[in-house]
Amino acid sequence: MLQRIRQFVTAGRQPTPADLELAQQFLPPELYELFLQQHPRDICHGAATARWLLARGHDSRDLIAAALLHDVGKGNQRRIDRAVYVAATWFRLERRLACATSRFELRRAADRSLRHSERGASLLAAGGAPARVVELTRRHHEPPGGDDMLALLQRADAAS
């Protein structure tokens, strides 16, 4: 719960030059363009996720690229869209809230949140991302099983 409150409070942050520099260091130009198309809060979150990994000695290019881009499928969402979606997940109502064809932006945004892993993986595949980056993005909310790299990404995601 405290993590969600922290996320809500810091949702208005803007990317720093250091965030953009980090992404340029690890992403080829076509993926850097996708990185820049994210909402500013997702740019900051992706950079923080990558920094968490780097600070712990994990510097695999695929892992860092996935950290930077794992939420690329969320698209542009208002703070209220995200807050309502999180609240809906607490009550397991996110699938009822989400509707891609609704006339209400809140419901369309909930659908993007619900499907952001798959949507992000598709965007990355179309952008020429390595298969491992696509897979990590697609699975970043699934149980990791024996996939140590996925487990690391999930820990970094939760910590940032």
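The values are calculated or read from the model by the stated rules, or taken from the named source; none is laboratory data. Note that the structure is predicted; figures quoted are calculated from it, not measured. Ideal geometry is used to build each Cβ from the backbone, glycine not excepted, and the neighbour counts take in all protein chains shown.
Points worth noting:
- Residue selected from the range 1-20 under the condition modelled with pLDDT of 95 or more and surrounded by fewer than 12 Cβ atoms within 10 Å (Cβ to Cβ), by the criterion farthest from His140 (Cα to Cα): Pro17
- Qualifying residue in the range 2-10 (condition: closer than 20 Å to Leu150 by Cβ and touching a residue at least 40 places away in the same chain (Cβ under 8 Å)): yes
- Residue match in the range 53-69 (condition: among the polar types (S, T, N, Q) and either in contact (Cβ under 8 Å) with a residue 40 or more places away in the chain or buried (at least 20 other Cβ atoms within 10 Å of the Cβ) (or both)): yes
- Matching entry among Thr89, Thr137 (being of a type in the set (Ser, Thr, Tyr) and over 21 Å from Leu34 (Cα atoms)): Thr89
- Per the listing Ala18, Ala23, the residue uniquely closer than 23 Å to Ala158 by Cβ, out of contact with any Gly (no Cβ under 8 Å at 6 or more places or on another chain) and part of a helix (DSSP H, G or I) is Ala18.
- Looking across Ser160, Ser102, Ser122, Ser117, one residue alone is among the hydroxyl-bearing types (Ser, Thr, Tyr), in contact (Cβ under 8 Å) with a residue 40 or more places away in the chain and over 22 Å from Gln24 (Cα atoms). It is Ser117.
- Scan the range 151-160 for residues that are more than 13 Å from Asp62 (Cβ to Cβ) and either in contact with a Pro (Cβ under 9 Å, 6 or more places away or on another chain) or not in a helix (DSSP H, G or I) (or both) and the total you get is 3.
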